[in-house]
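Chemist: Pasting a structure here, questions to come.
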Amino acid sequence: MSGPEPKPGILDIAHYVPGKSKVEGIDKPIKLSANENALGSSPAAREAYLAASAELNLYPEGRANLLRERLAEAFSLEPERLIFGCGSDELFTLACQTYLEPGDNIVQPAHGFAAWAIAARACGAEVRNAPETTLTVDVDAMLAAIDARTRIVFIANPANPTGTYLTDAEVRRLHAGLPENVLLLYDGAYAEFAVGLEGYADGLQLARDFPNVLTTRTFSKIYGLAALRVGWGYGAPEVVAAMDRIRLPFNVGRPAQAAAVAALADAGFVERSVAHVRKWLPRMSEAFRGFGLEPAPSATNFVTVGFPKVGATAAETEAFLASRGLIVRGLTNYGLADHLRVTVGTDFETEALLSAMTERFGRV
Ligand SMILES: Cc1ncc(COP(=O)(O)O)c(C=O)c1O
């Protein structure tokens, strides 16, 4: 007996590689590999989560109505244009399942976030990678990659794993070049870290302005609720309604919804998180430059560092840092074998990183 045969292409999909969390022989390593929030999460969110544990016997509210209402208020959005997911990851999958048939394609930048391609390939679609220029989305290359079978164009703004961003003008130029039947999926997982940077816009207005844009956001990063898996999308009513047809009815758990509602109300935590990251980004970048490395400009809570020939490769440095109990992210699976991605940690963690780097590369 040979058993059931997966659909063509399924076994060609490479597993998503998460940031490592363990180092052999080290009890509690410092994890700077998954772009998690160094400050933890809002105490109010933790309390709400615990309070929700009194009702674990109840199904969640399927349309996340309270969260929907509060989010709509907080961002001045129309509640019926919102959709919630088990992390924003699930929304990429739903968008692909809604719009892609075998033989269609998605277009993404060369270093696109890995979950998009997995979702697209699972639908039998081709993934087209448009070259980037200095680790930044190249709008012309993206437009050149589009053909008659393109159904979704993905960008993350700011982007993971590079940390760079496109101005609103550039995003709108990309959008203007798309055929009307192509969905622009604007992944704003790190948007809160970029708001206020020159020319940046978080994509919500774009999704309000056009019927073929879906902007996604997450509670995993700025709100520090990655464990709970809450993502949301904002788009045209037709897009959201179509995706909602295939969304599992109870895809966001009850404690997760409760914690997200409380997290939204804690503006102080969000401000502190942004301030913490903005304090460290320039210090980290300057230190990396001092070591002879090439940090990409970051609009996120991490820095992606290039290793020109400076005596140690990215892989050697990743191994050295691991030996000192520090886990950073190698980017070989993103085609960036000579780069490492380093999340901003707590003060203690980031100082530990920089002193280990000083040990390896010498004084700045
Ligand atoms: C660009 C980007 N999009 C989406 C996600 C996934 O977010 P979520 O936890 O909401 O699924 C991540 C997580 O690392 C990310 O880097």
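Chemist: If I go through region 11-34 residue by residue, how many of them are touching a helix residue (DSSP H, G or I) at 6+ places or on another chain (Cβ under 9 Å) and under 25 Å from Asp347 (Cβ atoms)?
Modeler: So the count comes out to 8.
Chemist: If I filter region 98-121 for residues that are under 23 Å from Leu248 (Cα atoms), within 16 Å of the ligand (Cβ to nearest atom) and over 18 Å from the mean Cα position of the chain (by Cα), do I get at least one hit?
Modeler: No.
Chemist: Then there is this: From Ala322, Ala312, Ala265, grab the single residue that is hydrophobic (A, V, I, L, M, F, W, C) and in contact with a strand residue (DSSP E or B) (Cβ under 7 Å, 6 or more places away or on another chain). Walk me through it before giving the result.
Modeler: Working: Ala312 fails: in contact with a strand residue (DSSP E or B) (Cβ under 7 Å, 6 or more places away or on another chain); Ala265 fails: in contact with a strand residue (DSSP E or B) (Cβ under 7 Å, 6 or more places away or on another chain).
The conditions single out Ala322.
Chemist: Restricting to region 143-160, name every residue that is within 21 Å of Tyr99 (Cα to Cα) and within 16 Å of the ligand (Cβ to nearest atom).
Modeler: Those that are within 21 Å of Tyr99 (Cα to Cα) and within 16 Å of the ligand (Cβ to nearest atom): Ile152, Val153, Phe154, Ile155, Ala156.
Chemist: Evaluate the following for Phe307: is it closer than 18 Å to Leu336 by Cβ and modelled with pLDDT of 95 or more?
Modeler: Yes, satisfied.
Chemist: Just name the residue that is farthest from Gly224 (Cα to Cα) out of those in region 70-110 that are part of a helix (DSSP H, G or I) and touching a Ser or Thr at 6+ places or on another chain (Cβ under 6 Å).
Modeler: This residue is Leu91.
Chemist: Hey, among Gly235, Gly199, Gly203, which residue is touching a Ser or Thr at 6+ places or on another chain (Cβ under 6 Å) and under 18 Å from Phe154 (Cα atoms)? Step through it out loud before you land on a result.
Modeler: Working: Gly235 fails: touching a Ser or Thr at 6+ places or on another chain (Cβ under 6 Å); Gly199 fails: under 18 Å from Phe154 (Cα atoms).
One residue alone meets the criteria, Gly203.
Chemist: While we're looking at this one, here's another question. Output the residues belonging to region 49-81 that are in contact (Cβ under 8 Å) with a residue 40 or more places away in the chain and in contact with a strand residue (DSSP E or B) (Cβ under 6 Å, 6 or more places away or on another chain).
Modeler: Ala64, Leu77, Arg81
Chemist: Quick one: how many residues across region 308-340 are within 15 Å of Gly362 (Cα to Cα) and either among the hydrophobic types (A, V, I, L, M, F, W, C) or without any contact (Cβ under 8 Å) to a residue 12 or more places away in the chain (or both)?
Modeler: Number of matching residues: 4.
Chemist: Just name the residue that is nearest to the ligand (Cβ to nearest atom) out of those in region 211-231 that are part of a loop (DSSP other than H, G, I, E, B) and closer than 15 Å to Ala95 by Cβ.
Modeler: Filtering region 211-231 for residues that are part of a loop (DSSP other than H, G, I, E, B) and closer than 15 Å to Ala95 by Cβ, the one nearest to the ligand (Cβ to nearest atom) comes out as Asn212.
Chemist: Turning to a different aspect of this structure: Would you say Leu185 is free of Cβ contacts under 8 Å to residues at least 60 places away in the same chain, buried (at least 17 other Cβ atoms within 10 Å of the Cβ) and either touching a Gly at 6+ places or on another chain (Cβ under 8 Å) or not in a helix (DSSP H, G or I) (or both)? Before you say what the answer is, go through the steps one by one.
Modeler: Details: free of Cβ contacts under 8 Å to residues at least 60 places away in the same chain: no; buried (at least 17 other Cβ atoms within 10 Å of the Cβ): yes; either touching a Gly at 6+ places or on another chain (Cβ under 8 Å) or not in a helix (DSSP H, G or I) (or both): yes.
Against the criterion (free of Cβ contacts under 8 Å to residues at least 60 places away in the same chain, buried (at least 17 other Cβ atoms within 10 Å of the Cβ) and either touching a Gly at 6+ places or on another chain (Cβ under 8 Å) or not in a helix (DSSP H, G or I) (or both)), Leu185 does not qualify.
Chemist: Within region 75-92, take every residue that is closer than 12 Å to Asp244 by Cα and within 12 Å of the ligand (Cβ to nearest atom) and give me the one that is surrounded by the most Cβ atoms within 10 Å (Cβ to Cβ).
Modeler: Leu91
The values are calculated or read from the model by the stated rules, or taken from the named source; none is laboratory data. These numbers were taken from a predicted model, which means no experiment stands behind them. Because the Cβ atoms are built from the backbone with ideal geometry, glycine has one as well, and the counts that use them run over all protein chains shown.
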